[in-house]
1. Can we say T356 is part of a loop (DSSP other than H, G, I, E, B), in contact with a helix residue (DSSP H, G or I) (Cβ under 7 Å, 6 or more places away or on another chain), surrounded by 16 or more Cβ atoms within 10 Å (Cβ to Cβ) and β-branched (V, I, T)?
2. Checking the condition among the hydroxyl-bearing types (S, T, Y) and in contact with a helix residue (DSSP H, G or I) (Cβ under 7 Å, 6 or more places away or on another chain), which residue from T95, T128, T123 passes?
3. Among the listed residues T144, T125, which satisfies the condition of being surrounded by 13 or more Cβ atoms within 10 Å (Cβ to Cβ) and under 19 Å from A60 (Cα atoms)?
4. Residue check, L224 against (1) surrounded by 15 or more Cβ atoms within 10 Å (Cβ to Cβ); (2) outside any helix (DSSP H, G or I), all met but one. Which one?
5. Under 6 Å by Cβ, and 6 or more places apart or on different chains, what pairs join a residue from the range 32-49 that is under 18 Å from T125 (Cβ atoms) with one that is hydroxyl-bearing (S, T, Y)?
6. Mind listing whichever residues of the range 366-387 are outside any strand (DSSP E or B) and touching a strand residue (DSSP E or B) at 6+ places or on another chain (Cβ under 7 Å)?
7. Restricting to the range 278-323, name every residue that is within 20 Å of L422 (Cβ to Cβ), more than 47 Å from the chain's Cα centre (by Cα), modelled with pLDDT under 90 and surrounded by 12 or more Cβ atoms within 10 Å (Cβ to Cβ).
8. Take the conditions at pLDDT below 85 and not hydrophobic (A, V, I, L, M, F, W, C) and apply them to S121. Does it pass?
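The values are calculated or read from the model by the stated rules, or taken from the named source; none is laboratory data. As the structure is a computational prediction, the values presented were derived from the model and not from experiment. Backbone-built Cβ (ideal geometry, glycine too); neighbour counts: all protein chains shown.
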Amino acid sequence: MRSPSLTLRLTAIFTLIIILASTGISLTLYSALRHELIWRDDQTLINRAAQLRQLLKDGASPQSLLLYFNHMIDNRQDILTIRSAGKFDVNFNQTSVSLPELPPLPADVYPVSANLRRWNSNTGTEVTALSLQGESEGSLVTITVARVAQEREMMLASYRHKSLIVCLAVLLLCATLSPLLIRRGLYTIKMLSKITAETESDKLQHPLPLEDLPQELLPLGEALNVMRQRLAEDFLRLTRFADDLAHELRTPINILLSQNQIALSYQRTEEEYQLLLEGNIEELENLSRLTGNILFLARADHRNVCLNKETFPIYDALDDLTDFLEPVAEEKNIRFSLQASGNITADKILFQRAITNLLTNAICYAPEAGVISVNTHNEDEYIAISIQNQGELLESQEKLFTRFWRGDNARHDPGTGLGLSLVKAIAELHGGVPYYQHQNGNNIFGIRIKR
């Protein structure tokens, strides 16, 4: 099932927010209006009852009170009764509501809101009443005023109706305008998507313009620029790698091709063919080693190499390697000096491969009758293995561990330029780094591996 669009999601969220906000505001205003109307009705009843009681006390007759307040009475909702000696002196009630017996408030107590009585009539309309005692010509009378909240209910019902219409209108307006505004707001994302889709390898070096991006999309734009920079670097590295690989493969292939073409140019002896096959096998072995090294480096770049780590004495491992390479060193009258101690945890085969490359490199470039020193020492959480031989300071030190790179003084020596890059890959697989130093006329190559 396809996921809903971002425009639809944001529209739904905004619409829901509008619904909640409109509902909350409408309920708040409705509650405030209702309480205000109730308070006004209550104050009207209290003031009316108090004035009636005061007029009776001042000598007005009960029958004349209706004339005083006739202009203030609403026939549809106001009720006024005055009783004395068990009979009604005034009974104004043109509503369909009958007043129950209410306990009157004593004549010396001023009425307040707490003295009001409320109930619902048979039609469901709220009725509010106040009964109190007064004096008329030396005798007690009972004054009862009441109001049926018919007009108030009509006003609140009208307010609810209008509020509902306004909320629906706002909801429809939000649902209509939100997609348009959201699409306009998301135009920048569409622009970024278009630029990303049209990006080609020759444009990776050019960063995306971030000046016109809104604040919320700046992290996305910066992340895209970082990604483009990394892709540009990877593409450049891949291009150089392909060029170097083609160059390295072209030489042995051309050698094989030319040797075989020359051999087939005329009839040769069996011994000559045998020498040709031996040369071909040697070149094919070189190609096989080159291919294996390239495959290992590619897998190492993606951390797709399974390490079989074990703990072993570092002196024994280095001693075995120097013994193995001693015949090669003797050809240049070179001897080894080994000083190592402690244990190391690593993939033993890969560790031996890296150290063998460093030792072979040292033998190749060390002077005749020189000494190659192999030492180990601890550096915090790392153990460093260094191979030192006499030599001049190397140039382009930042390229020493680059694939297929070979110094000018090594161009005429056999090799593919992958030895030190293999050392770097193996060190990084073990969480370490390779390094080069030049001290006191000696070149020092080594690796640091986590203990």
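1. no
2. Of the residues listed, the single one that is among the hydroxyl-bearing types (S, T, Y) and in contact with a helix residue (DSSP H, G or I) (Cβ under 7 Å, 6 or more places away or on another chain) is T128.
3. T144
4. All conditions are met except number (2).
5. D42/S113
6. A366, P367, G370, E381
7. Once the filter is applied, which keeps residues that are within 20 Å of L422 (Cβ to Cβ), more than 47 Å from the chain's Cα centre (by Cα), modelled with pLDDT under 90 and surrounded by 12 or more Cβ atoms within 10 Å (Cβ to Cβ), the range 278-323 yields N286, L287.
8. no
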